[in-house]
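Have a look at the structure below, then the notes.
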Amino acid sequence: MQKTTLTITRKTLLSPAWWQITLSAPHLAEQLIPGQFLLAQCADPFTAYLRRPVFPMLVEPNHLALLLRPSSDAGLAWLLTRQVGDQLDLLGPLGQGFPQPAEGQHVCLISDSSDLAPLLGQMQIALQNSSVVTMALQASRANRLYPISTLPIAVELHVATLDGSMGQRGRLTPLLPDLLRWADVVYATGSMPFLHQLHQQALEIRLGHHTQFLYGLWPQQLFGCGLGACLSCVATTASGLKRVCVDGPIFDLGHMLGET
Ligand code: FES
């Protein structure tokens with residue numbers, strides 16, 4: 001973990017609801033594992049007292065990118081107003097990231113939320129590992145969805161929107177059985193109810209079959225220290241009390257939600 005100041009080298013509008021800011025980060029970029037986070041100092045302590053967790057992804061050699069969306073949170077809204085040449089005060093990398101997929105696996109990346117950066121980082125690693133990658137995304141409507149045109153053509157895509165404006169109308173839930181039967185390993189982000197559904201479906205489908213690996217990102221929250229000291233992020237899991245900032249935020253979904 002280190003405290004560092006990084007300079008914004010590019011700010012890109014990916015779609016009306018998604019921005020990407022790119023940071024020059026020669027030392028951090030080589031250390032960071034998808035799912036690990038940085039704590040960003042946002043504005044001044046009166047506007048955003050606590051540092052905000054951000055999940056960077058490697059976008060090119062020596063550069064990290066942050067995915068940003070319009071937010072009602074004062075800290076994240078401030079972050080979205082930063083411009084090329086501005087500097088960000090960051091702490092990290094912090095926490096546990098996703099385990100790497102083995103070579104040649106069937107990898108499923110799935111989310112019902114906009115917390116996609118850890119999945120996009122994991123997607124890059126899986127493709128480099130010669131894995132077959134499927135991504136399944138859910139949003140309320142098409143213009144809230146991550147811009148899928150930016151995803152590599154090698155990734156098979158499933159989309160569900162609640163209003164039916166793109167892909168399947170409704171939730172991803174009906175697709176889960178087929179996706180889970182196909183996948184060797186599943187990496188998920190999203191709401192707690194969605195992660196519970198995913199875990200429950202996996203238990204029903206895989207009962208008596210080979211072990212399937214499921215990993216989930218603990219739904220985003222504010223952290224205090226980010227270092228395991230203040231205990232403000234302690235959560236009850238099936239494996240006992242865990243500090244999300246150091247024991248997570250990536251957990252084995254079974255340990256996180258169900259199995260002891
Ligand atoms: S934020 Fe302080 S222990 Fe996790």
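Would you please name the residue that is modelled with the lowest pLDDT, looking only at residues in the stretch 206-228 that are of a type in the set (S, T, N, Q) and surrounded by 14 or more Cβ atoms within 10 Å (Cβ to Cβ)?
Applying the filter and picking the extreme gives Q212.
Residue pairs, Cβ under 6 Å, 6 or more apart or interchain, first in the stretch 183-202 and over 16 Å from F98 (Cβ atoms), second among the charged types (D, E, K, R). List them.
Matching pairs, first to second residue: S191/D112; F194/D112.
If I go through the stretch 59-105 residue by residue, how many of them are more than 19 Å from the chain's Cα centre (by Cα) and closer than 30 Å to V186 by Cβ?
Adding up the residues that qualify gives 5.
What are the pairs, 6+ residues apart or on separate chains, where a residue within the stretch 3-24 that is touching a residue at least 24 places away in the same chain (Cβ under 8 Å) and in a strand (DSSP E or B) has its Cβ under 6 Å from a residue that is surrounded by fewer than 18 Cβ atoms within 10 Å (Cβ to Cβ) and among the acidic types (D, E)?
T5/D89; I8/D86
Of everything in the stretch 178-195, what is in a helix (DSSP H, G or I) and closer than 21 Å to Q122 by Cβ? Give them in sequence order.
The answer is D178, L179, L180, R181, W182, M192, F194, L195.
Taking the stated definitions as given, is G258 over 18 Å from the mean Cα position of the chain (by Cα), more than 16 Å from the ligand (Cβ to nearest atom) and modelled with pLDDT of 95 or more?
no
Among the residues of the stretch 223-241, which ones are in contact (Cβ under 8 Å) with a residue 12 or more places away in the chain, of a type in the set (S, T, Y) and in a strand (DSSP E or B)?
T237
Among S140, S111, which is closer than 20 Å to L217 by Cβ, in the same structural domain as Q197 (by TED's automatic domain parsing) and exposed (fewer than 14 other Cβ atoms within 10 Å of the Cβ)?
S140
Answer yes or no: is there a residue in the stretch 90-99 that is over 24 Å from L227 (Cα atoms), modelled with pLDDT under 95 and surrounded by fewer than 22 Cβ atoms within 10 Å (Cβ to Cβ).
Checked the stretch 90-99: no residue is over 24 Å from L227 (Cα atoms), modelled with pLDDT under 95 and surrounded by fewer than 22 Cβ atoms within 10 Å (Cβ to Cβ).
Cβ contacts < 7 Å: first residue aromatic (F, W, Y), restricted to the stretch 84-99; second residue surrounded by fewer than 20 Cβ atoms within 10 Å (Cβ to Cβ), any location; separation 6+ or different chain. Result?
F98/I33
Here are the criteria: (1) in contact (Cβ under 8 Å) with a residue 60 or more places away in the chain; (2) under 20 Å from the mean Cα position of the chain (by Cα). Tell me which single one M123 does not satisfy.
(1)
Could you please let me know if L231 is within 11 Å of the ligand (Cβ to nearest atom) and either surrounded by 16 or more Cβ atoms within 10 Å (Cβ to Cβ) or at pLDDT 85 or above (or both)?
When the stated conditions are applied, L231 passes them.
Quick one: would you say P193 is in contact with a strand residue (DSSP E or B) (Cβ under 8 Å, 6 or more places away or on another chain) and either surrounded by fewer than 20 Cβ atoms within 10 Å (Cβ to Cβ) or more than 27 Å from L90 (Cα to Cα) (or both)?
For P193, the condition - in contact with a strand residue (DSSP E or B) (Cβ under 8 Å, 6 or more places away or on another chain) and either surrounded by fewer than 20 Cβ atoms within 10 Å (Cβ to Cβ) or more than 27 Å from L90 (Cα to Cα) (or both) - is not met.
Pick from the stretch 143-177 the residues that are part of a helix (DSSP H, G or I) and in contact (Cβ under 8 Å) with a residue 24 or more places away in the chain: which of them is farthest from L68 (Cα to Cα)?
Step by step, filter the stretch 143-177, then rank; the result is P177.
The values are calculated or read from the model by the stated rules, or taken from the named source; none is laboratory data. What you see is a predicted model, and the numbers here were worked out from it, not measured in a lab. As a convention, Cβ positions derive from the backbone with ideal geometry for all residues, glycine included, and neighbour counts pool all protein chains shown.
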